[in-house]
Amino acid sequence: MKKFIPLLFLFLSSGLAFGQSDEFKWAVFSEIAPYANATPAMHENNFYSHNISWRNRVGILAGENTIIGLLGSYRSYEYLENKTFVNEIDPTNPRGIGVGYDYRFQTQNNLLGAGVFATQLIPLGKKLELQLNYYAMVEQGKGEVNRINESIYGIGISIFIIDLLPPVNYEYRERNLNTGFDIGLSYYLRNNLALQGNLRLVQLENFNFRSNGAQMFPETEDHNLNLNQNGSRFNYLINMPVAHFGISYHLGSR
């Protein structure tokens, strides 16, 4: 993070230097992505997801039809996943005697992001422009996992088990570093106001999840989600499509 802030300053400073020769022509972009990013690393088979992002960019003209600047984002998500765990009473018994637990996990987080971008505009006519966007950003947030006990039952034995397990939860911190390319179109309603849409072509993501330290689930670790995860993954148009829709406004003549 300490290395990232000087890079932001250097990136914007170079844009201002180029922009001085073009009369400080600025542009503002505001976009929403209804389906914003990949599933959190701890979930493998979620049956419900809600993931939305709001991205805003402010940039300056740095050469002919090239805009560079800073971006900020807000992202919110929720995931639900069912998991079954079994505690074997006698592992040597081929009938599989034990106790089964059905849980529902609910994961929620809100993340703030900041970074840099570069956009190349390619005119396709009086009202249409092709957009090629590069971005690099970091986003961070503090989330929560809730584990709701659905049922407890015997396996291979006839026993009645009273369901007394209350819902339990714990917090985690999430940090993501993302860089990638978008492609899109702008349709100008006026000379300086346009509707636009972008599709993410490729994205390289480095993720880091860390729980708050103390294990709050009362049973063994086999009954928990593994939140302490980190790694990298490559997302692209086919396996993880993400679309941004919004408007752009140019300050000054185009």
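The values are calculated or read from the model by the stated rules, or taken from the named source; none is laboratory data. Computed from a predicted model, the values in this text were never measured in an experiment. Ideal geometry is used to build each Cβ from the backbone, glycine not excepted, and the neighbour counts take in all protein chains shown. For the accessible areas, the whole protein counts, side chains as well, though only heavy atoms, and no ligand, DNA or RNA atoms are used. Shrake-Rupley method; radii C 1.70, N 1.55, O 1.52, S 1.80 Å.
Taking the listed residues Gly184, Gly197, Gly180, the one that is surrounded by fewer than 19 Cβ atoms within 10 Å (Cβ to Cβ), of a type in the set (Gly, Ala, Ser) and either more than 23 Å from the chain's Cα centre (by Cα) or in a strand (DSSP E or B) (or both) is Gly197, with no other qualifying.
Residues of the stretch 124-148 that are more than 25 Å from the chain's Cα centre (by Cα) and open to solvent by less than 40 Å² (accessible area, probe 1.4 Å): Glu129 alone.
The single condition among (1) open to solvent by 60 Å² or more (accessible area, probe 1.4 Å); (2) assigned to a loop (DSSP other than H, G, I, E, B); (3) at pLDDT 80 or above that Gly63 does not meet is (1). Among the residues that make up the stretch 154-169, is at least one of them modelled with pLDDT of 80 or more and of a type in the set (Val, Ile, Thr)? Scanning the stretch 154-169, I find no residue that is modelled with pLDDT of 80 or more and of a type in the set (Val, Ile, Thr), so the answer is no.
Can you find even one residue in the stretch 203-221 that is touching an Asp or Glu at 6+ places or on another chain (Cβ under 7 Å), modelled with pLDDT under 90 and of a type in the set (Phe, Trp, Tyr)? Checked against the condition, which is being touching an Asp or Glu at 6+ places or on another chain (Cβ under 7 Å), modelled with pLDDT under 90 and of a type in the set (Phe, Trp, Tyr), the stretch 203-221 yields at least one hit. Filtering the stretch 66-118 to residues that are among the hydroxyl-bearing types (Ser, Thr, Tyr) and modelled with pLDDT under 95 leaves Thr66, Ser76, Tyr77, Tyr79, Thr84, Thr92, Tyr101, Tyr103, Thr107.
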